[in-house]
Ligand SMILES: Nc1ncnc2c1ncn2[C@@H]1O[C@H](COP(=O)(O)OP(=O)(O)OP(=O)(O)O)[C@@H](O)[C@H]1O
Ligand SMILES: [Mg+2]
């Protein structure tokens, strides 16, 4: 079995059909079609302003699409608040700037949603939180506040916080691009581990090493469109479109 | 190349920078201009403060029954002490003073418990203070249940009335203010325009005219049969007015919370009210403490405006006492006393907010 199909089942987790979105007059997403199966790891890349964040933010309705269909775990995203709440419970998200809650300790950050959204008893939620904090290798920071942690530690807390909700899908929006170089690895390691455990992941990142290690598919976006979609080796070694080639030459030149 | 492996000993700082002399030197006499200013300000303080202290304390009279007891030429505090009951209890029947006193005792115990750092079960006490205590206070003051005889509100007055107005205004305007601020930021156009209109209307009108309208115009609109108490009308007016101000202070705090916090809360599946209650408001309220307390202090002082609709708050009752022919000519003592009482309460609030701010800042580190 190749890395591309490892742990992937036939169950469709996310489906985008002809999704279009506008900011006022500005057409940010153009006819996006994408199917993600359970256990797949998708890496999304593309130049700044190409609509990568917008696309993955549509998947948990942080942004609203105006045309087309988005289904997550067979639930369609509409204005129905019930559906949105169901989907947000199933989909975890990690942000570029961590967005931890600064007035709560690390442990409280992790327990908040399980307690208030899933109605988990506090004791149980704390035990789960400690388990995930151990997995991201910072159980000793549980009683500190986010402001007392380094960027890499904060991002790992953010990942643990999402995992505490036991999500089916994880979305990452440039999780390492606000970090100092020496902290990038500690976050990527956690993400790689997560991928190896079979988590369904969509990850906006320009970390090409990460893409090569774990991705089943790499998606290249430009101008609100999906330009190219391929397995990582083909994508990097043998890009098809001119725009992809140009983009790759630019990021590899760094 | 320089290598310095010897650990240098820790020396004490030079004597001219520490102690009283050091403090004086750095703060008062650091340059010839500063020294000059220190001398001038010191001189002005002495020539003004000395007579004031002399008037208020050294040559003042404290004990007595009538103005004939004021003989030493300084302040005549006898005027205050003779009238003190009235200044505190208004026209409340004397044999029922115990009811007001009970309320004060409970209130002071609760507030002390809330201020002391180590009190256990603080949230419970806070909830009791905000929800149960007002009910107890109402029945103690007004009566009408538990065998307590009714004391109509027109008999309320003095400091008690001032505190009733201020506390009701403070306790009621905060939740209304939060709701109005959230409404003004809502994505629902109707809610947003209603809240914006409400805030702008109330903010644009002076409190004095709000009180006037509440006392003169409201009865015209409310159908003839239902008689609404004058104090209740004033309380509604003050609450509306203060809610509008509070809403703008709170909206300012809400705006300071980064968008990422809302997004993280939403992404975790928290609905609107939970995100607000658990994530946004706790952070925003902390930022807003100085603004909120500022509004409270303004409200506390503004309560004295009720004298124009015929309610006898502390200021009004002292003024009334001043026109007593037996005590003509002691207005300075009267106003100094009122100012002092107001100052004590406002300064107390200010100190409490500073303490609260400091406490809430511990442990959060940078960000
Ligand atoms: N709230 C908004 N209102 C208007 N335009 C927006 C808004 N958010 C994003 N845009 C625009 O939409 C386009 C796509 O934005 P998006 O954030 O999805 O890009 P991106 O691919 O994630 O870029 P980056 O790599 O810089 O994060 C950009 O041109 C951006 O200016
Ligand atoms: Mg982006």
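The values are calculated or read from the model by the stated rules, or taken from the named source; none is laboratory data. Worth saying up front: this structure is predicted, and the values here are computed from it rather than measured. Note: ideal-geometry Cβ built from the backbone for every residue, glycine included; neighbour counts use all protein chains shown.
Summary of computed values
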quantity: Failed item, numbered, when residue B:103 is tested on (1) touching a helix residue (DSSP H, G or I) at 6+ places or on another chain (Cβ under 6 Å); (2) within 21 Å of residue B:357 (Cβ to Cβ); calculated: (2)
quantity: Per-region count, segment A:169-185, residues touching a residue at least 60 places away in the same chain (Cβ under 8 Å) and away from ligand 2 (no atom under 16 Å from the Cβ); calculated: 2
quantity: Candidates B:143, B:177, filtered to the one that is surrounded by 16 or more Cβ atoms within 10 Å (Cβ to Cβ) and not assigned by TED's automatic domain parsing to the domain that holds residue B:250; calculated: B:143
quantity: Matching residues, segment B:168-197, being in contact (Cβ under 8 Å) with a residue 24 or more places away in the chain and under 30 Å from residue B:90 (Cβ atoms); calculated: B:168, B:169, B:170, B:171, B:172, B:173, B:174, B:176, B:177
quantity: Check on residue A:11, within 14 Å of chain B (Cβ to nearest Cβ) and either touching a strand residue (DSSP E or B) at 6+ places or on another chain (Cβ under 9 Å) or within 16 Å of ligand 2 (Cβ to nearest atom) (or both); calculated: no
quantity: Residues located in segment B:189-211, provided they are more than 23 Å from the chain's Cα centre (by Cα) and either surrounded by 14 or more Cβ atoms within 10 Å (Cβ to Cβ) or more than 22 Å from residue B:299 (Cα to Cα) (or both); calculated: B:189, B:190, B:191, B:192, B:193, B:194, B:195, B:196, B:198
quantity: Filter pass, residue A:189 being within 16 Å of ligand 2 (Cβ to nearest atom) and over 12 Å from the mean Cα position of the chain (by Cα); calculated: no
quantity: Total residues in segment B:19-33, condition touching a helix residue (DSSP H, G or I) at 6+ places or on another chain (Cβ under 8 Å) and closer than 19 Å to residue B:43 by Cβ; calculated: 2
quantity: From B:322, B:307, B:299, residue being in contact (Cβ under 8 Å) with a residue 60 or more places away in the chain, assigned by TED's automatic domain parsing to the domain that holds residue B:179 and surrounded by 15 or more Cβ atoms within 10 Å (Cβ to Cβ); calculated: B:299
quantity: Where residue A:177 falls short, out of the listed (1) within 21 Å of the chain's Cα centre (by Cα); (2) surrounded by fewer than 17 Cβ atoms within 10 Å (Cβ to Cβ); (3) more than 13 Å from chain B (Cβ to nearest Cβ); (4) not in a loop (DSSP other than H, G, I, E, B); calculated: (4)
quantity: Residue match in segment A:147-170 (condition: on the phi > 0 side of the Ramachandran plot and either within 16 Å of ligand 1 (Cβ to nearest atom) or at pLDDT 95 or above (or both)); calculated: no
quantity: Residue within segment B:253-261 that is more than 14 Å from every other protein chain (Cβ to nearest Cβ), at pLDDT below 85 and surrounded by fewer than 19 Cβ atoms within 10 Å (Cβ to Cβ) present; calculated: no
quantity: Yes/no for residue A:245 being farther than 15 Å from residue A:42 by Cβ, surrounded by fewer than 18 Cβ atoms within 10 Å (Cβ to Cβ), touching a helix residue (DSSP H, G or I) at 6+ places or on another chain (Cβ under 9 Å) and without any contact (Cβ under 8 Å) to a residue 24 or more places away in the chain; calculated: no
quantity: Any hit, segment B:118-127, residues being modelled with pLDDT under 85, outside any loop (DSSP other than H, G, I, E, B) and closer than 27 Å to residue B:311 by Cα; calculated: no
quantity: Residue within segment A:99-122 that is within 14 Å of chain B (Cβ to nearest Cβ), surrounded by fewer than 18 Cβ atoms within 10 Å (Cβ to Cβ) and within 16 Å of ligand 1 (Cβ to nearest atom) present; calculated: no
quantity: All positions within segment A:31-51 that are more than 16 Å from ligand 1 (Cβ to nearest atom) and either closer than 13 Å to residue A:205 by Cβ or crowded, with 22+ Cβ neighbours inside 10 Å (or both); calculated: A:36, A:40, A:41
quantity: Options B:333, B:263: the member that is part of a helix (DSSP H, G or I) and within 30 Å of residue A:98 (Cβ to Cβ); calculated: B:263
quantity: Within segment B:308-330, tally of residues that are in a loop (DSSP other than H, G, I, E, B) and under 26 Å from residue B:215 (Cβ atoms); calculated: 5
quantity: Test set (1) surrounded by fewer than 22 Cβ atoms within 10 Å (Cβ to Cβ); (2) more than 32 Å from the chain's Cα centre (by Cα); (3) within 9 Å of chain A (Cβ to nearest Cβ) - residue B:221 fails condition number; calculated: (3)
quantity: Selection count where residues are outside any helix (DSSP H, G or I) and more than 10 Å from chain A (Cβ to nearest Cβ), scope segment B:266-292; calculated: 0
quantity: Answer residue from segment A:138-150, given it is touching a helix residue (DSSP H, G or I) at 6+ places or on another chain (Cβ under 7 Å) and surrounded by fewer than 17 Cβ atoms within 10 Å (Cβ to Cβ) and is nearest to the other protein chains (Cβ to nearest Cβ) among those; calculated: A:143
quantity: Which numbered condition residue B:61 misses (of (1) out of contact with any helix residue (DSSP H, G or I) (no Cβ under 6 Å at 6 or more places or on another chain); (2) without any contact (Cβ under 8 Å) to a residue 60 or more places away in the chain); calculated: (1)
